[in-house]
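*Asks:* Please see the structure below; I have some questions.
The values are calculated or read from the model by the stated rules, or taken from the named source; none is laboratory data. These numbers were taken from a predicted model, which means no experiment stands behind them. Neighbour counts run over all protein chains shown; Cβ positions are idealised from the backbone, glycine included. Side chains are part of the model used for accessible areas, which takes the heavy atoms of the whole protein and leaves out ligands, DNA and RNA. Shrake-Rupley method; radii C 1.70, N 1.55, O 1.52, S 1.80 Å.
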Amino acid sequence: MFFNRLSILLFLISSFCMANVHAASFVVSEIKIEGLQRIPDGTLLNYLPIVAGDPIDDSQITYAVSELYKTGFFADIKLFSDGDILVVKVKERPSIAEVDFTGNSDIDDDSLKDALLDIGVTRGQIYNRSLLEKLTLELERVYFSQGKYGVKINTEVTELDQNRVDIDITISEGQVALIKHMNIVGNDVYDDATLLDELESGVPGAWAILSSADEYSKPKLNGDLEKIRSYYLDRGYIKFNIESTQVSLTPDKQDIYITINISEGARYKISSSELTGELVVNRQTMQSQILTRSGMFFSRSLMTASKKRLENQMGRIGYAFSEVKITPVIDDEKKEVALTYFAIPGDKVYVRRINIYGNDSTQDRVYRREMRLMEGSILASDRLERSKTRIQRLPFVESVDVVTVPVPGSNNQVDLKVSLVEKLAGSFNIGAGFSQTQGLLFNVGLTQENLFGTGKRLTLNINTDRANTIYSAAFTNPYYTLDGISRTLSFSFRDRDASEELINNFQTNSGDANISYGIPLSEFNIVSMGYGFSHIRITPSSINPSQDVTDFILDHDGQTIFNSLTLNASFSHDTRNRTVFATAGTQHTVGVNMTIPGSELEYFKLTYITNTYLRVTSATTLLLRSNLAYGDGYGDTTGLPFFERYFAGGIRTVRGYESNSLGPRDANGLPIGGNMRLTAGADYIFPIPFLEKPPSSVRFSAFLDIGNVFLDGSPTFDATEDDSGFQVDQLRSSYGLSLVWISPIGPLRFSYADTINDVQGDDLRAFQFSIGSFF
């Protein structure tokens, strides 16, 4: 205030002096400017209400000085004459070189700078000491909204060369004021406990020592008020109103008391839900999208969802900018509301161009072939969303955003702006790790998900552990044909010592070569078919050979080398939103692998895998899963060969039990596997506790596992001799916690489980982990 009065006084004195200096009027022949450093001459002349050729007198000079001061650019202004030349001598206010913050941890620098930008305090702006008070008030407002009423802000201005200043702001944030009590007044239908349970803010129970519910912030309270409003409006209280909200702060600025005054009003039913307007879709189809029915209590969320469903229905056939207006007619006497949905489809919209940005390492056509819209096609909303999902599912895409940009001068055309953020598609790994079941692991691998920017996939791997040495290579062309048929070529060689896997004693050397094709039937369905060649050499253990192995060799007249031609086919229905760490959608896969008739070994294997992801909240997901597998011999082969059997137990099937330990055992007590496997379970996936932004490469879950393997003609462990094959009471189960991290060296998986129905003799292991192995 003192500074403002001083400025006015100086202005009046300056004006008085100018009047004395320019007692006589004159015609300005030229205007000369002195003192400018940063501001261009043209800017000053633009604000100066005098031009060359103007006759001026004392009043005009006074007015000119006033206009220049109004700009806020200058600390001092003098106008005087040099003959018939008007001299304008100014002193510029300093500019802000930098605004620096120290002491802030809860609110980052960028957020604080954005707040100051609204009051003109930012780098390059003119500095005015009067802004310091505004600056302090604005920062206090920001912190008050976060419940930090004890914040203290100090500012220091440092003068620099070239008429610049630095503003250093030191912040002592203090503690968040805690909510000590919340009270709702005016609620008769629902008690306080019911309503308070809906809120994010509140007083946590004594057991919730890590809860932040009692930390006050204005945005959180506003969100809670809307939750109360929605709670009533979704239950028929159409005239519900929040009358007032009182937030009281104790003198020490540590505790907060909140009182919410509401008016519930009467409960209303829906008398009718009518559909009018221009119907471009069959009335019956449109009517089926309306969720509000006559006789039910009014619900704002159902009304809003109905509006969205109707607009989406029109959007599917190209009316992308359609609108549905809702007119409620309230009958206070009958306590009823009549809803009218008025459809306004607008013009059918077409795609003019599809522009792709951000594909720095990928060919343009790789993304265009995933689009379900083409240039010149109608803008169908469901196909637009599916296009986005298909691009997001590509393993070399971090994120994708698709925006419709109206074409200037056209009411029915848009351009699609596809903005991508790509991630590294290739990796070369040399790593080591340790697994409880596989021992020391070593791998060398080259993976390229986007070979030369073509979207093709190449993998080369060497993996070794205590039981296996595997060499593998695979090449996939996802668009082997233009209509989306994929082709995969794969080769593998494996040396296996089964005794190191804690199963029956034998060693094998095997090699496989396969060609498979994926044929898309629809957006979500694909059929895969392939053929290949398989070679295996069996070597029984010289020490305690398994009877199961020796019997197999005797049945084949001592033959230990087998060659087979193989066929494989599968059908998959996949609506997952991501291929890795999905959060929504389902996956069903039915598959068969078999050797062709006439092979040295004739057998088949059937599998059925399901994964269903149900979004519980915005941050949590429920995964329901099952895996059924069955195999058998046919023709001259009796039963499924022992080296093709299924095993269960361990971190990938039924956690809490030793890997491969479940199912039938031989005379030595070693698991021999089965020709039938059933595993299932549920995972409740939630963010890692205590982390504000958990990394996307980490998944934490609570799980329930159940399963076992069964062998025709052999009893499962601890079952009677007559109880061979599948037995429901032999299913083992467990529950626990799991953590999976897709790390740079490969997947890392940890679990802690407690068994539910184990029996004496079961091999148990509560904590299990796998580091550096691929699954």
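*Asks:* Quick one: is ARG283 surrounded by fewer than 16 Cβ atoms within 10 Å (Cβ to Cβ) and basic (Lys, Arg)?
*Replies:* Yes, satisfied.
*Asks:* Which number in (1) within 33 Å of the chain's Cα centre (by Cα); (2) within 27 Å of PRO664 (Cα to Cα) marks the one condition that SER546 misses?
*Replies:* So SER546 meets the others, but not (1).
*Asks:* Quickly run through region 423-439 and pick out the residues that are at pLDDT 55 or above, open to solvent by 40 Å² or more (accessible area, probe 1.4 Å) and not in a loop (DSSP other than H, G, I, E, B).
*Replies:* Across region 423-439, the qualifying residues are SER427, PHE428, ILE430.
*Asks:* Of all residues being part of a loop (DSSP other than H, G, I, E, B) and charged (D, E, K, R) in region 634-691, which is nearest to the chain's Cα centre (by Cα)? Just the residue, please. First the steps, then the outcome.
*Replies:* Applying the first criterion (part of a loop (DSSP other than H, G, I, E, B)) to region 634-691 yields 634-641, 645, 647-656, 658-664, 666-670, 672-673, 675, 687-691.
Filter once more, keeping what is charged (D, E, K, R): 636, 645, 652, 655, 658, 666.
Working: ASP636: 53, ARG645: 39, ARG652: 25, ARG655: 28, GLU658: 35, ASP666: 49 Å.
Among those that are part of a loop (DSSP other than H, G, I, E, B) and charged (D, E, K, R), it is ARG652.
*Asks:* Could you check how many residues of region 30-60 are more than 25 Å from PRO94 (Cα to Cα) and either open to solvent by less than 70 Å² (accessible area, probe 1.4 Å) or of a type outside the set (A, V, I, L, M) (or both)?
*Replies:* Here the count works out to 11.
*Asks:* Inspect all residues belonging to region 102-114 and state whether any of them is of a type in the set (Lys, Arg), part of a loop (DSSP other than H, G, I, E, B), surrounded by 13 or more Cβ atoms within 10 Å (Cβ to Cβ) and touching a residue at least 12 places away in the same chain (Cβ under 8 Å).
*Replies:* There is no residue in region 102-114 that is of a type in the set (Lys, Arg), part of a loop (DSSP other than H, G, I, E, B), surrounded by 13 or more Cβ atoms within 10 Å (Cβ to Cβ) and touching a residue at least 12 places away in the same chain (Cβ under 8 Å).
*Asks:* Six or more apart or on different chains, Cβ under 6 Å: which pairs go from a residue in region 356-376 that's open to solvent by 90 Å² or more (accessible area, probe 1.4 Å) to one that's among the charged types (D, E, K, R)? Could you list them?
*Replies:* GLU375/ARG353
*Asks:* A follow-up question, please. Kindly check whether there is at least one residue in region 218-227 that is among the aliphatic types (A, V, I, L, M), within 25 Å of LYS180 (Cα to Cα) and open to solvent by 40 Å² or more (accessible area, probe 1.4 Å).
*Replies:* We begin by selecting, within region 218-227, every residue among the aliphatic types (A, V, I, L, M); these are 221, 225.
Subsequent filtering for residues that are within 25 Å of LYS180 (Cα to Cα) retains 221, 225.
Narrowing further to those that are open to solvent by 40 Å² or more (accessible area, probe 1.4 Å): none.
No, region 218-227 contains no residue that is among the aliphatic types (A, V, I, L, M), within 25 Å of LYS180 (Cα to Cα) and open to solvent by 40 Å² or more (accessible area, probe 1.4 Å).
*Asks:* Being free of Cβ contacts under 8 Å to residues at least 12 places away in the same chain and either open to solvent by 30 Å² or more (accessible area, probe 1.4 Å) or out of contact with any His (no Cβ under 8 Å at 6 or more places or on another chain) (or both) narrows it down to one of THR508, THR550, so name that one. Spell out the reasoning first.
*Replies:* Working: THR508 fails: free of Cβ contacts under 8 Å to residues at least 12 places away in the same chain.
Residue meeting the stated conditions: THR550.
*Asks:* Please note which strands (runs of 3 or more DSSP E) are completely contained in region 147-254 and include at least 3 residues that are at pLDDT below 90 and closer than 30 Å to ASN128 by Cα. Steps first, please.
*Replies:* On the way: elements: 152-160, 164-172, 178-185, 241-249.
Counting at least 3 such residues, we get 152-160, 164-172.
*Asks:* If a residue has to be in a strand (DSSP E or B), surrounded by fewer than 17 Cβ atoms within 10 Å (Cβ to Cβ) and touching a residue at least 24 places away in the same chain (Cβ under 8 Å) to count, how many in region 572-590 make the cut?
*Replies:* Total satisfying the criteria: 2.
*Asks:* Here is a further query. Out of region 253-286, which residues are aromatic (Phe, Trp, Tyr) and either within 36 Å of the chain's Cα centre (by Cα) or closer than 30 Å to TYR149 by Cβ (or both)?
*Replies:* TYR257
*Asks:* Using beta carbons and a limit of 9 Å, which pairs, at least six apart or on different chains, have the first residue in region 213-231 and in contact (Cβ under 8 Å) with a residue 60 or more places away in the chain and among the charged types (D, E, K, R) and the second one part of a helix (DSSP H, G or I) and open to solvent by less than 20 Å² (accessible area, probe 1.4 Å)?
*Replies:* Nothing qualifies.
*Asks:* For region 314-340, which positions are touching a Ser or Thr at 6+ places or on another chain (Cβ under 7 Å) and either open to solvent by 60 Å² or more (accessible area, probe 1.4 Å) or within 23 Å of GLU385 (Cβ to Cβ) (or both)?
*Replies:* Within region 314-340, MET314, GLY315, ARG316, ALA320, THR327, GLU336 qualify.
*Asks:* Residues being among the aliphatic types (A, V, I, L, M), open to solvent by less than 30 Å² (accessible area, probe 1.4 Å) and farther than 14 Å from ILE39 by Cβ: count how many of those fall in region 73-101.
*Replies:* The initial filter retains those residues of region 73-101 that are among the aliphatic types (A, V, I, L, M), namely 75, 77, 79, 85-88, 90, 96-97, 99.
Still in the running and open to solvent by less than 30 Å² (accessible area, probe 1.4 Å): 77, 79, 86-88, 90, 96-97, 99.
Among the residues that remain, those that are also farther than 14 Å from ILE39 by Cβ are: 79, 86-87, 96-97, 99.
Number satisfying all stated conditions: 6.
Yes/no per residue for (1) among the β-branched types (Val, Ile, Thr); (2) open to solvent by less than 60 Å² (accessible area, probe 1.4 Å); (3) in contact with a Cys (Cβ under 6 Å, 6 or more places away or on another chain):
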| residue | (1), (2), (3) |
| --- | --- |
| TYR232 | no, yes, no |
| ILE238 | yes, yes, no |
| GLN246 | no, no, no |
| ASN261 | no, yes, no |
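*Asks:* Is it true that some residue in region 314-321 is under 28 Å from TYR231 (Cβ atoms), modelled with pLDDT under 95 and in contact with an Asp or Glu (Cβ under 9 Å, 6 or more places away or on another chain)?
*Replies:* There is no residue in region 314-321 that is under 28 Å from TYR231 (Cβ atoms), modelled with pLDDT under 95 and in contact with an Asp or Glu (Cβ under 9 Å, 6 or more places away or on another chain).
*Asks:* Output yes when any residue across region 399-411 is at pLDDT below 90, assigned to a strand (DSSP E or B) and within 26 Å of the chain's Cα centre (by Cα), and no when none is.
*Replies:* For region 399-411, residues at pLDDT below 90, assigned to a strand (DSSP E or B) and within 26 Å of the chain's Cα centre (by Cα): present.
*Asks:* Working only within region 465-496, note down all residues that are crowded, with 16+ Cβ neighbours inside 10 Å, of a type in the set (A, V, I, L, M) and farther than 20 Å from LEU567 by Cα.
*Replies:* Matches in region 465-496: ALA467, ILE470.
*Asks:* Given the condition within 16 Å of LYS605 (Cβ to Cβ), in contact with a Phe, Trp or Tyr (Cβ under 9 Å, 6 or more places away or on another chain), of a type in the set (S, T, N, Q) and not in a helix (DSSP H, G or I), answer yes or no: does some residue in region 530-553 qualify?
*Replies:* Yes - at least one qualifying residue is present in region 530-553.
*Asks:* So in region 131-146, with the set limited to residues that are open to solvent by less than 50 Å² (accessible area, probe 1.4 Å) and touching a helix residue (DSSP H, G or I) at 6+ places or on another chain (Cβ under 8 Å), which one is nearest to SER248 (Cα to Cα)?
*Replies:* SER145
*Asks:* Is region 600-611 home to any residue that is of a type in the set (Asp, Glu), farther than 30 Å from THR575 by Cβ, under 36 Å from the mean Cα position of the chain (by Cα) and not in a strand (DSSP E or B)? Working first, answer last.
*Replies:* Filtering region 600-611 for residues of a type in the set (Asp, Glu) gives 600, 602.
Narrowing the set further to residues that are farther than 30 Å from THR575 by Cβ leaves 600, 602.
Imposing the further condition that a residue be under 36 Å from the mean Cα position of the chain (by Cα) reduces the set to none.
Scanning region 600-611 turns up no residue that is of a type in the set (Asp, Glu), farther than 30 Å from THR575 by Cβ, under 36 Å from the mean Cα position of the chain (by Cα) and not in a strand (DSSP E or B).
*Asks:* Please verify whether region 594-612 includes one or more residues that are at pLDDT 85 or above, within 16 Å of GLY725 (Cα to Cα) and either open to solvent by less than 30 Å² (accessible area, probe 1.4 Å) or of a type in the set (Ser, Thr, Tyr) (or both).
*Replies:* Checked region 594-612: no residue is at pLDDT 85 or above, within 16 Å of GLY725 (Cα to Cα) and either open to solvent by less than 30 Å² (accessible area, probe 1.4 Å) or of a type in the set (Ser, Thr, Tyr) (or both).
One line per residue, one yes/no per condition, for (1) open to solvent by 20 Å² or more (accessible area, probe 1.4 Å); (2) modelled with pLDDT of 95 or more; (3) over 30 Å from VAL549 (Cα atoms):
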{"position": "THR620", "(1), (2), (3)": "no, no, yes"}
{"position": "ARG625", "(1), (2), (3)": "yes, yes, yes"}
{"position": "ASP636", "(1), (2), (3)": "yes, no, no"}
{"position": "PHE642", "(1), (2), (3)": "no, no, no"}
{"position": "VAL654", "(1), (2), (3)": "no, no, no"}
{"position": "LEU670", "(1), (2), (3)": "yes, no, no"}
{"position": "PRO687", "(1), (2), (3)": "yes, no, yes"}
{"position": "GLU692", "(1), (2), (3)": "yes, no, yes"}
{"position": "PHE700", "(1), (2), (3)": "yes, no, yes"}
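The rows are residues; the columns are (1) modelled with pLDDT of 90 or more; (2) closer than 16 Å to ALA64 by Cα.
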| residue | (1), (2) |
| --- | --- |
| PHE3 | no, no |
| PHE16 | no, yes |
| ALA19 | no, yes |
| ILE31 | yes, yes |
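*Asks:* Tell me yes or no: at least one residue of region 178-192 is open to solvent by 50 Å² or more (accessible area, probe 1.4 Å) and either within 30 Å of LYS70 (Cβ to Cβ) or among the small types (Gly, Ala, Ser) (or both).
*Replies:* Looking through region 178-192, none of the residues is open to solvent by 50 Å² or more (accessible area, probe 1.4 Å) and either within 30 Å of LYS70 (Cβ to Cβ) or among the small types (Gly, Ala, Ser) (or both).
*Asks:* For residues that are buried (at least 16 other Cβ atoms within 10 Å of the Cβ) and touching a helix residue (DSSP H, G or I) at 6+ places or on another chain (Cβ under 8 Å), scanning just region 454-464, find the one that is farthest from LEU482 (Cα to Cα).
*Replies:* LEU458
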